[in-house]
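Novice: Just passing along the structure, written as structure tokens.
The values are calculated or read from the model by the stated rules, or taken from the named source; none is laboratory data. Nothing here was measured: the structure is a model prediction, and the numbers come from that model. Here the Cβ positions follow ideal geometry from the backbone for every residue, glycine too, while neighbour counts run over all protein chains shown.
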Amino acid sequence: MSEPSSQIKPSGASSSKKVSASKKTSSSSKTKASSSSPKKGIASTSKKTSSSASKRAVSPSAAAVKKTEKPSAAIRSRIPEKRMEVFSSKAPSHVVVDATASEKKASPSRWYLIAVLAIVLILLLFVLFRVQASSPEPQIQTASVASDGNITIRIYNGWTLSDIDSALSQRKLSSEGSFIKAAQAFADANGLPFAEGFFLAGDYTVSKGDGFASELATQMAQKFMEAAKPLFPAISESGMSLADFAIIASMMSAETKNPEEYPVISSIIHNRLSSGMPLGIDATTRYETGNWTEPLSSQVLDKKTPYNTRRKTGLPPTGICCPSEESLKAAVLPDQTDYLYYRHDSNGQIHYSLTYEEHQESQRENP
């Protein structure tokens, strides 16, 4: 705007081309006078120009605000899904809240909690499996209960007299302690040196009532004698007593429930007895301490007791559980081998060895 006055026309110059000379002179003088002093038209023009420029300066911001208030589809497509954008209607700026960072912070703690819960669950299942494997719950087959009140009950191979007594009392078939008393009474009445080991595992049908424990004990002892009767000739030739074989059979039933392993394990026990070696069967110490599930401490295993077959030679003083017919037969009629060691690996597979060096090698190769 170097010459603003040249853009403004006099008020009379808009309607007629022909004007008088006086009028021209007057108009000329007025024009000269007007050029020497500022005009209202120029001021208003400046104001309008300034106002227009101001409007042009503000306009982009308003447009930006409108664009910011309602982002186009193209802009929205470029916004990450895991971001929340809060737009302001008064300013073109916006606040970005990143939800991904908070998710990353929360994620490790969630996975840690899940991992801990999984480990606890695995440990609980492992303990439950060990308890059930070492002391299975008796099966009282209520479906076979007859109208006369007879109940069929299964006593598992490897159960102790205490296990049976506890199971019967829990199911209200006899009072607590009744079966142990009945078993000991039968042993005393028939001249048996001990009760544990002379009662055979198996299925029994017993009349429900006050004499349930006594009748069950009698049936189990009689079944043991029936299983032993065909073995009497071999027992007489062995130079060992029926009580000795009852102890051996019960040790094998406590060590394993696989009847195919009994003849070789029996062979190892007899070989060790003949050579004066300690039997080293930890099941005897477990019976003595009542610990069938937890690891045995070195302090317990180093203590010399009647049942610790690591620290003494020969057999323990009594049986340690109810044997099966298979384990009793294998105790009297073992396989003929030279093995002196056996062990079960973590998968339950049994390994036999002739020497201690082979036994150690087996531990390294099959932990």
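Novice: Please tell me if Phe232 is farther than 18 Å from Ile350 by Cα, surrounded by 20 or more Cβ atoms within 10 Å (Cβ to Cβ) and not β-branched (Val, Ile, Thr).
Specialist: no
Novice: Next up: Can you name every one of the helices (runs of 4 or more DSSP H) wholly within the stretch 259-367 that holds 2 or more residues which are charged (D, E, K, R), more than 39 Å from the chain's Cα centre (by Cα) and in the same structural domain as Gly202 (by TED's automatic domain parsing)?
Specialist: Because the criterion is at least 2 residues that are charged (D, E, K, R), more than 39 Å from the chain's Cα centre (by Cα) and in the same structural domain as Gly202 (by TED's automatic domain parsing), no helices (runs of 4 or more DSSP H) in the stretch 259-367 meet it.
Novice: If you check Gln349, Gln363, Gln336, which single one turns out to be at pLDDT 95 or above, farther than 30 Å from Ala221 by Cβ and of a type outside the set (A, V, I, L, M, F, W, C)?
Specialist: The match here is Gln336.
Novice: I want to confirm something. Restricting to the stretch 149-173 and keeping residues that are part of a loop (DSSP other than H, G, I, E, B) and in contact (Cβ under 8 Å) with a residue 40 or more places away in the chain, which single residue is farthest from Asp244 (Cα to Cα)?
Specialist: Gly149
Novice: Inside the stretch 306-363, can you point out the residues that are under 28 Å from Glu226 (Cβ atoms) and among the basic types (Lys, Arg)?
Specialist: The one that is under 28 Å from Glu226 (Cβ atoms) and among the basic types (Lys, Arg): Lys329.
Novice: Mind telling me which of the residues Lys181, Lys208, Lys223, Lys172 ends up being of a type in the set (Lys, Arg), at positive phi and not assigned by TED's automatic domain parsing to the domain that holds Trp292?
Specialist: Lys172
Novice: Right, another one. Let me spell it out: the conditions are (1) without any contact (Cβ under 8 Å) to a residue 40 or more places away in the chain; (2) among the hydroxyl-bearing types (Ser, Thr, Tyr); (3) closer than 26 Å to Thr355 by Cβ, and Tyr262 meets all of them except one. Which number is the exception?
Specialist: Condition not satisfied by Tyr262: (1).
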